[in-house]
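Chemist: Pasting in a structure now, in structure tokens, and then I'll have a few things to ask.
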Amino acid sequence: MLFNLAKQDSIANRFVAELRNVETQQDRFHFRRNLERLGEVLAYEISKTLVYEPVVVETPLGAATVMLPAQRIVLATILRAGLPFHQGMLNYFDTADSVFIGAYRKHHKDGSFEIQLDYVSKVNLDGCVLILADPMLATGASLNLALKELERFGNPAAIHIAVVVASVAGVEAVRRRWPKARIWAGAVDEELTAKSYIVPGLGDAGDLAFGEKL
Ligand code: URA
């Protein structure tokens, strides 16, 4: 399943527009805040798919029965661009466990690249709802590798992949490898450059949020 937030008119489209806009994206604080806001909005959308159970809450005047999420959520994020997006999701899923994955593109002289994974924090994924958050789904290589790595930690009840901008090719690559995973995107773009950047996309999310790579 692919959920594309841009298919609905909502205020979230302004957050995506500001992330894409070459002028507004110069303000790093605002850029990070918009990644965080997209994390909040997509967390809210994902929350509609969770399993709920009734819980009785005592108010000063009586008892209210409310339906609350009953599943353990594990929120995994690919460093470094994922950090503000992760924080946005944590603002809503505030009891979630967090997993951090260090991944980077190792470029070859011919312009191709492979994804190198470094640090992966340990976690038990058995029976949980796993949300893997990465702002840019370009080729799907890092998300596919991250999910393969996470397989070692158990069998989640459900897998969600949350991204700010996806490419059509990236969505297909992830779908082929993880057909049961649900993909949640702020927008889906048609093209990739020769260096696998999304077009029109928004540029390099990590650089824009945190500064240039050395
Ligand atoms: N990572 C980014 O930050 N931007 C892209 O367009 C693709 C991957």
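Chemist: What angle do you read, to the nearest 10 degrees and between 0 and 90, between the alpha-carbon axis of helix 168-177 and the longest principal axis of the chain?
Modeler: 60 degrees
Chemist: Highest GNM mean-square fluctuation, the chain, Cα pairs closer than 10 Å: which of GLU53, GLU151, GLU18?
Modeler: With Cα springs under 10 Å in the chain, the top fluctuation among GLU53, GLU151, GLU18 is at GLU53.
Chemist: Among VAL123, VAL99, VAL171, which one moves the most in a GNM of the chain with springs linking Cα atoms closer than 10 Å?
Modeler: Highest fluctuation of the listed residues: VAL123.
Chemist: What are the lysines whose alpha-carbon lies under 27 Å from the alpha-carbon of LYS7, with same-chain residues fewer than 8 places away excluded?
Modeler: LYS48, LYS180
Chemist: Also, quick follow-up: At a 1.4 Å probe radius, carbon and sulfur cover how many percent of the accessible area of the chain?
Modeler: For the chain, the apolar C and S fraction of the accessible surface comes to 54 percent.
Chemist: Continuing with the same structure: As an exercise, identify the chymotrypsin sites (Phe, Trp or Tyr not before Pro) in region 80-127 lying in DSSP coil whose Cβ has no more than 16 other Cβ atoms within 10 Å.
Modeler: Sparse-neighbourhood loop chymotrypsin sites (Phe, Trp or Tyr not before Pro): none present.
Chemist: If you don't mind, another one. At q = 0.20, 0.24, 0.26 Å⁻¹, what is the base-10 log of I(q)/I(0) for region 166-214 according to the Debye formula with one equal point scatterer per Cα and no solvent? Please give it to two decimals.
Modeler: -0.77, -0.94, -1.00
Chemist: On to the next question. Could you provide, to the nearest whole Å², the per residue accessible area of the chain with probe 1.4 Å? Display every interim value, and only then the final one.
Modeler: On the way: 11140 Å² over 214 residues.
Ligands and nucleic acids excluded, the figure is 52 Å² per residue.
Chemist: For the chain, just list the percent of Cα-Cα distances falling in each 10 Å bin from zero outward, please.
Modeler: Final binned percentages: 8, 34, 36, 16, 5, 1, 0, 0.
Chemist: So which GluC sites (Glu not before Pro) in region 166-210 are both in a DSSP loop and have at most 12 other Cβ atoms within 10 Å of their Cβ?
Modeler: In loop regions of region 166-210 (DSSP not H, G, I, E or B), the sparsely surrounded GluC sites (Glu not before Pro) are GLU190.
Chemist: Between helix 82-92 and the chain, what is the angle of the helix's C-alpha long axis to the longest principal axis, kept within 0 to 90° and rounded to the nearest 10?
Modeler: 10 degrees
Chemist: Additional query: Taking every pair of alpha-carbon atoms in region 125-214, give the share separated by more than 17 Å as a whole percent.
Modeler: Result for the distance tail: 49 percent.
Chemist: Could you check what % of the DSSP bridge pairs in the chain are antiparallel, to the nearest 5?
Modeler: Expressed as a percentage, antiparallel bridges in the chain total about 35.
Chemist: For region 1-123, give me the percentage of DSSP beta bridges that are antiparallel, rounded to the nearest 5 percent.
Modeler: If I count the DSSP bridges inside region 1-123, around 70 percent turn out antiparallel.
Chemist: Run the 1.4 Å probe and let me know the accessible area of LEU90, rounded to the nearest 10 Å².
Modeler: Roll a 1.4 Å probe over it and LEU90 shows about 40 Å².
Chemist: Name the trypsin sites (Lys or Arg not before Pro) in region 72-165 that are in a loop by DSSP and that have at most 10 other C-beta atoms within 10 Å, would you?
Modeler: Working: sites: ARG72, ARG80, ARG105, LYS106, LYS109, LYS122, LYS148, ARG152; in loops: ARG72, ARG80, LYS109, LYS122.
Sites meeting the loop and neighbour criteria: LYS109, LYS122.
Chemist: Here's something else I'd like to know. Could you check which residue among THR65, THR193, THR95 shows the biggest mean-square fluctuation in a GNM of the chain with a 10 Å Cα cutoff?
Modeler: Among THR65, THR193, THR95, the largest GNM mean-square fluctuation belongs to THR65.
Chemist: Pairing the Cα long axis of helix 28-47 with the longest principal axis of the chain, what angle in degrees results, from 0 to 90 and rounded to the nearest 10?
Modeler: 50 degrees
Chemist: So what is the relative contact order of the chain, in percent, for Cα pairs below 8 Å that sit 6 or more residues apart? Don't skip to the answer; put the middle values down first.
Modeler: Details: 419 pairs, mean separation 47.8, N = 214.
Relative contact order of the chain: 22 percent.
Chemist: Tell me the mean residue ellipticity at 222 nm calculated for the chain from its helices only (DSSP H runs of n ≥ 4, each -39500 (n - 2.57), averaged over every residue, nearest 500).
Modeler: -9500 deg cm²/dmol
Chemist: Kindly report, to the nearest 10 Å², the accessible surface of MET67 as traced by a 1.4 Å probe over protein heavy atoms only.
Modeler: Accessible area of MET67: about 110 Å².
The values are calculated or read from the model by the stated rules, or taken from the named source; none is laboratory data. Values in this document were obtained by computation on a predicted structure and should not be read as measured data. So basically every Cβ, Gly included, is an ideal-geometry build from the backbone, and we count neighbours across all protein chains shown. Areas reflect the complete protein model, heavy atoms only, side chains present, ligands, DNA and RNA absent. Shrake-Rupley method; radii C 1.70, N 1.55, O 1.52, S 1.80 Å.
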